[in-house]
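See below for the structure under consideration.
Just so you know, all these numbers are worked out from the coordinates, no wet-lab data involved. For clarity, every value in this text was computed on a predicted model and none was experimentally measured. Backbone-built Cβ (ideal geometry, glycine too); neighbour counts: all protein chains shown.
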Amino acid sequence: MKKLFYLFIMIIGLAFTGCEPMEDIHEEIDAELTEGVAGTVDYVLTEEDYETLELPFGNFNSVEDAGALIPSLLTNQFPVWGEGSLVNVSFNLYDPIRVEEYTVTSSDYNELDLPGDYFSNTFEIFEFLEMLYPQTENGDYVELTYNILADEIQYEIDGDDFDLIGDELGAEYPSPASSAANFSNFDRREGNDAYWSNDMILEAINVVLPDNFDGVEGQTYRVSYSVYDGSPGTENMTVQFNGNAYVAVGGASYEISADDFDLIGEELGDTYPEPASSAAQYSNFDRRESDDAYWSNEMILEALNIVLTENFPAAVEGDRFEVTYLIYDGSAGTEMMAVVLQNGEYVVDDEASVSTIEETKVYAYANGDWDVPFTLDSEDYTEMGQSYPNFDNEDEAIYKLEIFLGSEFPYAEEGDFVALAYDFFSGSTNTRYANFVFEDGNWNYIPSVTEQTIQFGHDGEGWEPDNTIAYTLTDADFEFIGDALIDVYPGPADSAGYYGNFDRRPGNENYWSEEMLLEAFNLFLDELDPNAEEGQRYVVSYDVYTGSAGVESMSLIKEDGAWVINE
């Protein structure tokens, strides 16, 4: 009974003495719930979170989707957090390789100052891609459609082709067709019943080439064939597919041989020592402008004059040649120059029609350069134990490709990147692309689902993606600011560099005003983050002295190239 009496007295006492403090506590809690408390935390989305957002595959399709959907999740997860709060949210992003399609336009060619609406070599294609995509990352792909100077295809009419000509043209040219089929040549004796004129031979070529090639508009072919003009011989004709038929074009075709490059090396060795030596050694013209062995168009024309004069001493005024030659522009290739003999010298034939074809090819950006993806050939699939030159299981493909790249690139260095193309069979064969990076001594596949992190900030009304970077000044940073402003604010700058803080005592000779701090942070952030984009935010924390040590912070945003206070 005595205990109950004491308890009753305590309750009465609490009622009289605790009323006012409890009201204060409730008011403080209500204020915090209304204004919101500030916090900073890292958060990783869970399976339940994806279910809440109705994402059954446990990932987002884009960063934009994540930025739009995650704020509602944060509102439920952190209901009392308010303005100034930051959450670094990690989530799964589905980011498969996307191949962008682009068709080169006439204005694109003009912007590169090319002679026509076509590329002459792969170097010009890479240069264009660098211009088109100034900001690229490893693993960017583009399917590019463009016109390119056509490599001339060499074709020799054989016995089977002559039989075909005999069958197809027998009704139109009985004796010539029969002779061609019997002797596997064209009779070039004008008075003979079996005579083949140039126009008739062109008809025969239009019989043979469609049987061997899919017509590609603009593609040229140098067709050689046996003839009989009293003795056996060989002739050739250059033709081009115009979309409907093969037509004769240009002058006589000539291909620069290794012996010709040796001749160029000898004749131009004194004039162009490095280029001439390179041409003789590698049997090509180096077309890399930055290289000491570079061959300009004018130098190549000079070399062609030497070669054609040597090989065609009987050439007369007006004779035309289409000369093909090997080049190196970072990779092996071929170019062609049309020339005509004028006043005893070969000059560029401005009237010659340029042979171009439309080409569509996929290019990938890897290790700082554009190039075609590393592409597997039949032998590679065999080496990996495949019965067919393709894969039909993606997991198996990735497993084997990681091992294959180890043997293919035995001297890979940390961070090396490979963009790879392989054939995949799923009802039909198609090309797939995969990216690999060399890390910790192994080639590792870069999966299509990756983890991303976005920082969200609370603006007082709700959550939104926030790029704010929190940064605290170090002693070295104070020294940098002190050195940078020592001539402008000698006392404050010297104090900041020496003590590693800003003196914030108004009236003191070393006082730092907000305007002075903003000036200092502009210099510092430009040094810390010189490539910061418009809209980038920083919250800079720094030690201060106000009579005692303390910490202050300033929120800044980059606008119009300068750092200003973020209100």
**Request:** For L112 and I153, calculate 0.36 nm times their separation in residues minus their Cα-Cα distance, and state this gained length in nm to one decimal.
**Result:** 12.0 nm
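Could you list S107, S72 so that the one with the fewest beta carbons within 10 Å of its beta carbon is first and the one with the most is last?
Working: S107 8, S72 13.
Arranged by neighbour count, lowest to highest, S107, S72 become S107, S72.
What does the charge count near R504 come to, summing +1 for each Lys or Arg and -1 for each Asp or Glu among other residues with Cβ under 12 Å from its Cβ? It would help to have the intermediate numbers written out before the result.
Numbers: positive: R505; negative: D503, E514, D543, E552.
Net charge in that neighbourhood comes out at -3.
Which order do the peptides 179-185, 312-318, 379-385 take when ranked by the mean count of other beta-carbon atoms within 10 Å per residue, highest first? Display every interim value, and only then the final one.
Values: 179-185: 19.4, 312-318: 9.7, 379-385: 13.7.
Ranking, from highest mean packing down: 179-185, 379-385, 312-318.
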**Request:** For the stretch 217-230, just list the computed ³J(HN,Hα) in residue order, Karplus coefficients 6.51, -1.76 and 1.60, θ = phi - 60°, integers in Hz, with x standing in for Gly and Pro.
**Result:** 4, x, 5, 10, 9, 9, 9, 9, 7, 7, 10, 9, 10, x
**Prompt:** Which ³J(HN,Hα) values, rounded to whole Hz and listed in residue order, are derived for the stretch 345-350 from phi using the Karplus coefficients 6.51, -1.76 and 1.60 in 6.51 cos²θ - 1.76 cosθ + 1.60 with θ = phi - 60°, glycine and proline given as x?
**Reply:** 9, 7, 10, 4, 7, 5
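Once the other residues with Cβ under 15 Å from the Cβ of E559 are scored (Lys, Arg +1; Asp, Glu -1), what is the net sum? Don't skip to the answer; put the middle values down first.
On the way: positive: R537, K558; negative: D526, D529, E533, E534, D560, E567.
Once positives and negatives cancel, what remains is -4.
On average, how much area does the Cα convex hull of the chain cover when viewed from any direction, in nm²?
Approximately 48.2 nm², given one-decimal rounding.
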**Prompt:** With each run of n ≥ 4 DSSP H residues scored as -39500 (n - 2.57), what mean residue ellipticity at 222 nm is computed for the chain after dividing by its residue count and rounding to the nearest 500 deg cm²/dmol?
**Reply:** -10500 deg cm²/dmol
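According to the Cα gyration tensor, what semi-axes, each the square root of 5 times an eigenvalue, does the equivalent ellipsoid of the stretch 69-217 have, listed from largest to smallest in whole Å? Let's see the in-between values first.
Details: eigenvalues 881, 77, 23 Å².
So the equivalent ellipsoid measures 66, 20, 11 Å along its semi-axes.
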**Request:** Per residue of the stretch 168-173, in order, report the coupling 6.51 cos²θ - 1.76 cosθ + 1.60 (Karplus, θ = phi - 60°) as ³J(HN,Hα) in whole Hz, putting x for Gly and Pro.
**Result:** 6, 10, x, 6, 7, 10
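Using Cβ counts within 10 Å as a stand-in for footprinting exposure, how do D161, D262, D466 rank, fewest first? Before the final figure, lay out the partial values.
Working: D161 22, D262 14, D466 17.
Ascending Cβ contact count within 10 Å gives the list D262, D466, D161.
With both partners inside the chain, how many of the DSSP beta bridges are antiparallel, as a percent to the nearest 5? Write down the numbers at each step before the final one.
Numbers: 75 of 112 bridges.
The antiparallel proportion sits near 65 percent.
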